[in-house]
1. Please give me the summed charge of the neighbours of residue 230: other residues whose Cβ is under 10 Å from its Cβ, Lys and Arg +1, Asp and Glu -1.
2. To the nearest 0.05, what FRET efficiency results for residue 13 and residue 131 with a Förster distance of 25 Å applied to their C-beta separation?
3. Mind checking the full-extension length gain between residue 86 and residue 21? Use 0.36 nm per residue of separation minus the Cα-Cα distance, one decimal, nm.
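Each value in this text was obtained by applying a stated rule to the coordinates, not by laboratory testing. Values in this document were obtained by computation on a predicted structure and should not be read as measured data. Here the Cβ is made from the backbone with ideal geometry for all residues, glycine too, and neighbour counts use every protein chain on show.
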Amino acid sequence: MKFLLDFENAELWGSTDTNVQVCVLVNTFNHEKYIEQCLNSIVTQNVNFSFKVIVHDDNSNDSTRDILLTFYKAYPDIFLLILERENQWEKGISNLAMLLPWIESEYVALCEGDDYWNSNDKLQVQQELLSSNRDISLSCHAVEILNEREDENYALGLRNALANFPIQDPELTLGRGNFIMTCSVMLRNNIIERSYLAGIHSLLPVDWLIFAALAEGGRINYSPNVMATYRIHESSAWSSEDPGIRLARSVQTHWYLAGGLRGSVGEEARVFLRQRTNKPRSRFRWLRKYLQSF
């Protein structure tokens, strides 16, 4: 292992050996209504390589843990459960940024506990793509949006996601905003500097920060095939957030990208911040003097 995590406040079920071809990382909290569908979509994958499912439960207080233990008992060889005794998110600890450097697999796939995959070949397709193209650091694809609030579902592709951005280069676009859905991702592991991950706070959109760093280490490959479903529901943290708070987080995120990434993606974030702060009525005029340091 590359470094030791503090698991003193967590209950572990399964082997901590992550030296397999692919690790699937699932973060969950109070997902009793959704986690079974999520995990079923993972264990039914058709693959010709070894993979492990690492589920991090952030101290759920519903029946999520009972469901997780049922899966562990059915598939003890592929599951590792990390069951927190205290909520880490509330402490500002990013579960994704914390776990990534610890995982030893060559590739890491992501799926939140309230999302699921709808293609049994998803892992195989993405693993073959990354294995055959060493210059690709991240594979993603179109997803289905299941909006339980408005009882609708629709496909979200790259064209929709990039509609609000003035550039079409997917790597550079990550310096301005995130168009990648977490449940669609398989990434090449161990190419992000540990110091960058260590500084990520849970209050920021962690997945976006990680995807942007991966874009500086290689190409982003997008597939129009819909192979996963992203769920919007009443408990969805980001989808239910106050727009003002969301805007503030966006500024914080661009600031982190601008200061933490020195390549083309970081430069795009710096350009984006300058453009925003130079508008006559910008709410971010106070940032101008600080941007001179970039």
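1. Working: positive: 231; negative: 112, 114, 115, 144.
Spelling it out: positives minus negatives among the neighbours equals -3.
2. Working: r = 30 Å, r/R0 = 1.20.
Working from the Cβ atoms, E equals 0.25.
3. Working: separation 65, 0.36 × 65 = 23.40 nm, distance 3.06 nm.
Roughly 20.3 nm would be gained on extension.
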